[in-house]
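Here the structure is laid out as structure tokens; the discussion comes afterwards.
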Amino acid sequence: MLQSWGQHGLDYVYENRILAVNEERLANLTVTEPIPNAHFNVNFHTPRKWGLNLFGFRPLAGFVFNFMVDWKDGGRITILTDPVTGIARKVDAVDYSNVDLRASKAFQVAGVNLEFVVTVVNLLNEKRLYTGGFTTTQYSRYKESLHFPFEAGEQHGDDKWGEWDKDYIDLGWFQTPLFLNPRRILVGLRVNF
């Protein structure tokens with residue numbers, strides 16, 4: 001899938017000529033490259049009349065486990081554009097992956113069909129960095145702390161945009177808005193007529 005978005009004109013109008021020239025050099029159009037992705041949905045069921053019968057109740061019967069697995073290539077992002085030559089430096093971004101689980105158990109109480117449902121969002125509790133939560137200073141420090149392939153000396157490396165778990169990567173002290181995907185467990189009861 002190819003996407004593009006943007007706006008016409010300038011984001012900001014500056015009185016300072018130096019800032020105004022920099023604003024005019026930056027394009028307000030973003031075009032993506034095709035990004036591979038995959039979605040898997042795996043279901044496991046136990047039959048309604050399966051397993052041990054304990055006083056008319058079958059504890060192993062009627063279970064449904066549904067695993068939803070998503071993966072998307074992180075793609076490449078432009079990290080730096082030389083204002084004189086217009087050459088863009090692109091780096092790889094961290095791939096996205098996630099596993100959700102929906103489990104349910106059907107049973108009957110007094111002739112009413114009930115279903116106990118548990119949904120676990122982000123089952124593996126994967127921690128993903130949300131760079132949109134950075135302050136301007138945090139963003140600059142984070143970008144400078146990464147070691148990219150086009151850099152020389154001690155800064156040369158193979159980091160991807162979105163990495164956060166190496167000792168030298170600077171996220172700043174206020175990290176609450178940077179990781180917004182904690183594991184969530186939702187519990188419900190469904191009445192089926």
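Quick one: how many residues across segment 121-148 are closer than 30 Å to residue 101 by Cβ and not in a helix (DSSP H, G or I)?
Within segment 121-148, the subset closer than 30 Å to residue 101 by Cβ is 121-133.
This time we only want the ones that are not in a helix (DSSP H, G or I), so: 121-130.
Matching residues across segment 121-148 total 10.
Looking only at residues that are hydrophobic (A, V, I, L, M, F, W, C) and surrounded by 14 or more Cβ atoms within 10 Å (Cβ to Cβ) in segment 177-193, which one is nearest to the chain's Cα centre (by Cα)?
Narrowing segment 177-193 to residues hydrophobic (A, V, I, L, M, F, W, C): 178-180, 185-187, 189, 191, 193.
Those still in the list that are surrounded by 14 or more Cβ atoms within 10 Å (Cβ to Cβ) too: 178-179.
On the way: 178: 12, 179: 10 Å.
Here the answer is 179.
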*Scan segment 152-159 and give yes if some residue there is over 20 Å from the mean Cα position of the chain (by Cα), at pLDDT 90 or above and within 30 Å of residue 38 (Cβ to Cβ), otherwise no.*
yes
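Of all residues in segment 45-84, count the ones that are outside any loop (DSSP other than H, G, I, E, B) and modelled with pLDDT of 90 or more.
At the first step, the residues of segment 45-84 found to be outside any loop (DSSP other than H, G, I, E, B) are 45, 54, 57, 63-72, 76-81.
Checking which are modelled with pLDDT of 90 or more leaves us with 45, 63-72.
Residues in segment 45-84 being outside any loop (DSSP other than H, G, I, E, B) and modelled with pLDDT of 90 or more: 11 in total.
In contact (Cβ under 8 Å) with a residue 60 or more places away in the chain, within 29 Å of residue 88 (Cβ to Cβ) and more than 19 Å from the chain's Cα centre (by Cα): is that true of residue 116 in this structure? Steps first, please.
Details: in contact (Cβ under 8 Å) with a residue 60 or more places away in the chain: yes; within 29 Å of residue 88 (Cβ to Cβ): no; more than 19 Å from the chain's Cα centre (by Cα): yes.
No.
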*asked:* Checking residue 97 against (1) surrounded by fewer than 16 Cβ atoms within 10 Å (Cβ to Cβ); (2) not aromatic (Phe, Trp, Tyr); (3) not in a strand (DSSP E or B): exactly one of these is not met. Which one?
replied: (3)
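What number of residues within segment 160-176 are over 14 Å from the mean Cα position of the chain (by Cα) and not in a loop (DSSP other than H, G, I, E, B)? Step through it out loud before you land on a result.
Residues of segment 160-176 over 14 Å from the mean Cα position of the chain (by Cα): 160, 165-176.
The next check asks that each one be not in a loop (DSSP other than H, G, I, E, B); those that pass are 176.
Total meeting the criteria: 1.
If you take the residues of segment 38-62 that are among the aromatic types (Phe, Trp, Tyr), more than 29 Å from the chain's Cα centre (by Cα) and surrounded by 10 or more Cβ atoms within 10 Å (Cβ to Cβ), which of them is farthest from residue 108 (Cα to Cα)?
We begin by selecting, within segment 38-62, every residue among the aromatic types (Phe, Trp, Tyr); these are 40, 44, 50, 55, 57.
The next check asks that each one be more than 29 Å from the chain's Cα centre (by Cα); those that pass are 50, 55, 57.
With the extra rule that they be surrounded by 10 or more Cβ atoms within 10 Å (Cβ to Cβ), the set shrinks to 50, 57.
Details: 50: 15, 57: 9 Å.
In this case the residue turns out to be 50.
When segment 149-170 is examined, which residues are found to be within 20 Å of residue 96 (Cα to Cα), surrounded by 10 or more Cβ atoms within 10 Å (Cβ to Cβ) and out of contact with any Leu (no Cβ under 6 Å at 6 or more places or on another chain)? Walk me through how you get there before you give the answer.
Keep residues of segment 149-170 that are within 20 Å of residue 96 (Cα to Cα), which gives 158-166, 169.
Checking the rest, the ones that are also surrounded by 10 or more Cβ atoms within 10 Å (Cβ to Cβ) come to 158-164, 166, 169.
If the condition is that a residue be within 20 Å of residue 96 (Cα to Cα), surrounded by 10 or more Cβ atoms within 10 Å (Cβ to Cβ) and out of contact with any Leu (no Cβ under 6 Å at 6 or more places or on another chain), then 158, 160, 161, 163, 166, 169 are the ones that fit.
The values are calculated or read from the model by the stated rules, or taken from the named source; none is laboratory data. This structure is a prediction, so every number in the text was calculated from the model and none was measured. Using ideal geometry, Cβ is built from the backbone for each residue, glycine included, and neighbour counts are taken over all protein chains shown.
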